[in-house]
Structure formats: C-alpha cells, structure tokens
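Here is the structure we will look at, set down as structure tokens.
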C-alpha cells in the first residue's frame, strides 16, 4: 500500500504471495514475500513498506486500527511529486508515462521508482473475483534507481506486455521507495492508474 501527498489517496494492491495461489506472481513476487513475512491466513499490515502494525485479534476492530494508522501516515512529510501524464493500452502492450519532481532533497534516502501493473476481475477456480491483482513489474522487480535533489525532474515511459489480459481491465500502481538502510522501503510518494485508455493496436 502506498499514499499520495497530492490528492491524499491510497493505492491498495491485492497481493497473492504463496505458490499454491492461482494468482501467485512468480518469480517477481519473491522480492516482496521475503521482505514481508507473515503467517498465512492471519491479517498483517505494513505501512510505507517498513512499519509493521500489530493487528487486533477481533476482526471488528480492523477498520478502526487501519483508519488510525493511515491518519498518521498521511501526516508524514513527502519529498516529491509523482504524476502520471498518460496511461494507454492495446491488446499487446500497456504504457505509462510518468513524471517526478523533487520538492526537496531527501535526507539520506536512496529512492527507487517501482511500477506494478495490475488486472481487475480475475476469477479463481472457485469463481471468486479479485481486483487489482499484480501481474508484473516494469521495467522489472528491481525498479528504476533515482538520483534527485531539490528542483530536479525525471520522466520515463514504463511498458508491460498485456499477455492475454483485457486492456480495459488493467491498472497500475507507481511508487518511490527509499532503498537506504535507515528506513528501508519507506514509500516516499506514489500514484495510481485506475484504468488505462484503450487504443487500437499499432
């Protein structure tokens, strides 16, 4: 999950980390599974990539705990703006053009840009529907290392093969993580693509 400073939105990805899961993303998911270990079947919450939140035993309390910690996260300082200028897809490829602008120098941070492409309305073998299921990283699971100081900008196009998914059911989550050792994997900023603009094949 990631937050955005501009618009105050949350990006929620429905991750499927276990090999027996029909929507398991292998081998790209190994990076996340190794980082965020938890017991299968038990809810867990990690904010900004590094803050583990203890969840109550009573499921009725999940939402209040979630709301409280999200309020705290939204008050954090952010250092950059992430803007998706365009997101288009045809039957062969999905493309995201993204711009970043540094508001200030991130003290001690080693920022890396990640883009996770997702698909909606996927149905498992029992008929259950799932939304915003990760189908892959762009350019890959290692992300795009950044070197930005106050006033710097960066722009790039990230693409991903549609591979049989419906273009009109695709989405994406883009987020910048701090890869330093101090607050490793803290999300510095994020943006989301709810739906791609479907275009004709090239």
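The values are calculated or read from the model by the stated rules, or taken from the named source; none is laboratory data. Predicted, not measured: the structure shown is a model, and the values here were computed from it. As a convention, Cβ positions derive from the backbone with ideal geometry for all residues, glycine included, and neighbour counts pool all protein chains shown.
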Test residue 54 against the stated conditions and say whether it is modelled with pLDDT under 80 and under 27 Å from residue 123 (Cα atoms).
-> no
Subset of region 81-93 that is in a strand (DSSP E or B) and either free of Cβ contacts under 8 Å to residues at least 12 places away in the same chain or more than 16 Å from the chain's Cα centre (by Cα) (or both) - its residue that is surrounded by the fewest Cβ atoms within 10 Å (Cβ to Cβ) = 85
Any idea how many residues of region 159-179 are in contact (Cβ under 8 Å) with a residue 60 or more places away in the chain, more than 18 Å from residue 86 (Cα to Cα) and part of a loop (DSSP other than H, G, I, E, B)?
-> 1
Quick one: count up the residues across region 128-158 that are farther than 18 Å from residue 112 by Cβ and part of a strand (DSSP E or B).
-> 4
Looking at (1) part of a loop (DSSP other than H, G, I, E, B); (2) at pLDDT 70 or above; (3) touching a strand residue (DSSP E or B) at 6+ places or on another chain (Cβ under 6 Å), can you tell me which one residue 21 breaks?
-> (3)
Answer yes or no as to whether residue 99 is in contact (Cβ under 8 Å) with a residue 12 or more places away in the chain and surrounded by fewer than 17 Cβ atoms within 10 Å (Cβ to Cβ).
-> yes
Set 159, 190: member being at pLDDT below 90 and within 27 Å of residue 18 (Cα to Cα) | 190
